[in-house]
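Below is one structure, written out as structure tokens; comments come after it.
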Amino acid sequence: KKAEDIAWELSPQLEVIQSREGFFWNGAFLQDHNLALGHSFFWNAFPKQSVTARPLDFFVGYQGQLGALADRGAGQVHLIQLETGQLLKTFSLRNPGSSKTLNLALAEKSQRLYLTDNSTSITVIQLEDGSQSKIAPAVGLLGNCVLSQDEAFLFVMATKPNPGLKVIDLKSGQLAKDIAIKGDLFSTNSDSPVDLMALSPDGEQLLFMTYL
């Protein structure tokens, strides 16, 4: 489908299925015979006009206790308890009207939320009191991110000026490793809102998509 055909239709229910391998995403609107495995679900569309709410992207933590809904248009993140569906907190992180993704990583053990917003810094939110701090690794504009299972490192896709996978040590806030990538990023060379990334169920491999 074209983005204008799906971007602002009322979305049917998104189903989240938990298994030993991780979380599977399902829904009639996906029109796919295979279930996606991962800890994030991005609505793969941009709005045709400036809006102050939606699309919504969904993220879950590795422990399966917490989830987060990121409202791109509103610039807000809603923290929820997965078992009950209870809304725990809402964080307002930027002014309404942006169509760029809010990329999240939930650290349930340390009770932190890591966020990249297509800027040069990583926002760290303490879930208990809502306090915020910044990590500035000086590696350019930061796109999608994935947390290591031990919560020690954040894998971040730098989009500009030098695209590449950056491994950030969350204890020091410094760049631990710079990994060159092959191909071009979808987020900077197409109408895709984000570059897809995922950690394998055993936590030993990181997968991401580019095009040649």
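Can you tell me which residues in region 180-210 are surrounded by 12 or more Cβ atoms within 10 Å (Cβ to Cβ) and either in contact with a His (Cβ under 6 Å, 6 or more places away or on another chain) or not in a loop (DSSP other than H, G, I, E, B) (or both)?
Correct list: 184, 186, 187, 188, 189, 197, 198, 199, 206, 208.
Could we say that residue 119 is in a loop (DSSP other than H, G, I, E, B), under 15 Å from residue 144 (Cβ atoms) and not basic (Lys, Arg) here? Step through it out loud before you land on a result.
Details: in a loop (DSSP other than H, G, I, E, B): yes; under 15 Å from residue 144 (Cβ atoms): yes; not basic (Lys, Arg): yes.
Considered against the rule, which asks whether it is in a loop (DSSP other than H, G, I, E, B), under 15 Å from residue 144 (Cβ atoms) and not basic (Lys, Arg), residue 119 comes out as yes.
When you look at residue 177, is it in contact with a Phe, Trp or Tyr (Cβ under 9 Å, 6 or more places away or on another chain) and among the basic types (Lys, Arg), yes or no?
Considered against the rule, which asks whether it is in contact with a Phe, Trp or Tyr (Cβ under 9 Å, 6 or more places away or on another chain) and among the basic types (Lys, Arg), residue 177 comes out as yes.
Can you tell me which residue in region 66-83 is surrounded by the most Cβ atoms within 10 Å (Cβ to Cβ), limited to those that are part of a loop (DSSP other than H, G, I, E, B) and at pLDDT 90 or above?
The qualifying residue surrounded by the most Cβ atoms within 10 Å (Cβ to Cβ) is 72.
So residue 124 ticks every box in (1) over 19 Å from residue 72 (Cβ atoms); (2) part of a loop (DSSP other than H, G, I, E, B) but one. Which box is left unticked?
(2)
Quick check: anything in region 125-139 more than 22 Å from residue 195 (Cβ to Cβ), among the charged types (D, E, K, R), open to solvent by 20 Å² or more (accessible area, probe 1.4 Å) and touching a Leu at 6+ places or on another chain (Cβ under 8 Å)?
No: zero hits.
Give region 50-65 a look and list any residue that's of a type in the set (A, V, I, L, M, F, W, C) and open to solvent by 20 Å² or more (accessible area, probe 1.4 Å), or say none.
Matches in region 50-65: 51, 53, 56, 58.
When the residues of region 84-108 are narrowed to those that are part of a strand (DSSP E or B) and among the hydrophobic types (A, V, I, L, M, F, W, C), which ends up nearest to residue 191 (Cα to Cα)?
Per the stated criteria, the residue is 104.
Just checking, how many residues over region 130-151 are in contact with a Lys or Arg (Cβ under 7 Å, 6 or more places away or on another chain) and either assigned to a strand (DSSP E or B) or over 19 Å from residue 77 (Cβ atoms) (or both)?
Going residue by residue through region 130-151, those that are in contact with a Lys or Arg (Cβ under 7 Å, 6 or more places away or on another chain) are 130, 137, 139-141, 151.
Cutting the leftovers down to either assigned to a strand (DSSP E or B) or over 19 Å from residue 77 (Cβ atoms) (or both) gives us 137, 139-141.
Count: 4.
Determine which member of the set 107, 176 is open to solvent by less than 10 Å² (accessible area, probe 1.4 Å), touching an Asp or Glu at 6+ places or on another chain (Cβ under 8 Å) and farther than 17 Å from residue 207 by Cβ. Before the answer, list the steps.
Values: 176 fails: open to solvent by less than 10 Å² (accessible area, probe 1.4 Å).
107 is the lone residue from the list that is open to solvent by less than 10 Å² (accessible area, probe 1.4 Å), touching an Asp or Glu at 6+ places or on another chain (Cβ under 8 Å) and farther than 17 Å from residue 207 by Cβ.
Consider residue 115 against the criteria (1) more than 16 Å from the chain's Cα centre (by Cα); (2) surrounded by 14 or more Cβ atoms within 10 Å (Cβ to Cβ): it satisfies all of them except one. Which criterion is unmet?
(1)
The values are calculated or read from the model by the stated rules, or taken from the named source; none is laboratory data. The model shown is predicted, which means the values in this text are computed figures rather than measured ones. Neighbour counts run over all protein chains shown; Cβ positions are idealised from the backbone, glycine included. Side chains are part of the model used for accessible areas, which takes the heavy atoms of the whole protein and leaves out ligands, DNA and RNA. Shrake-Rupley method; radii C 1.70, N 1.55, O 1.52, S 1.80 Å.
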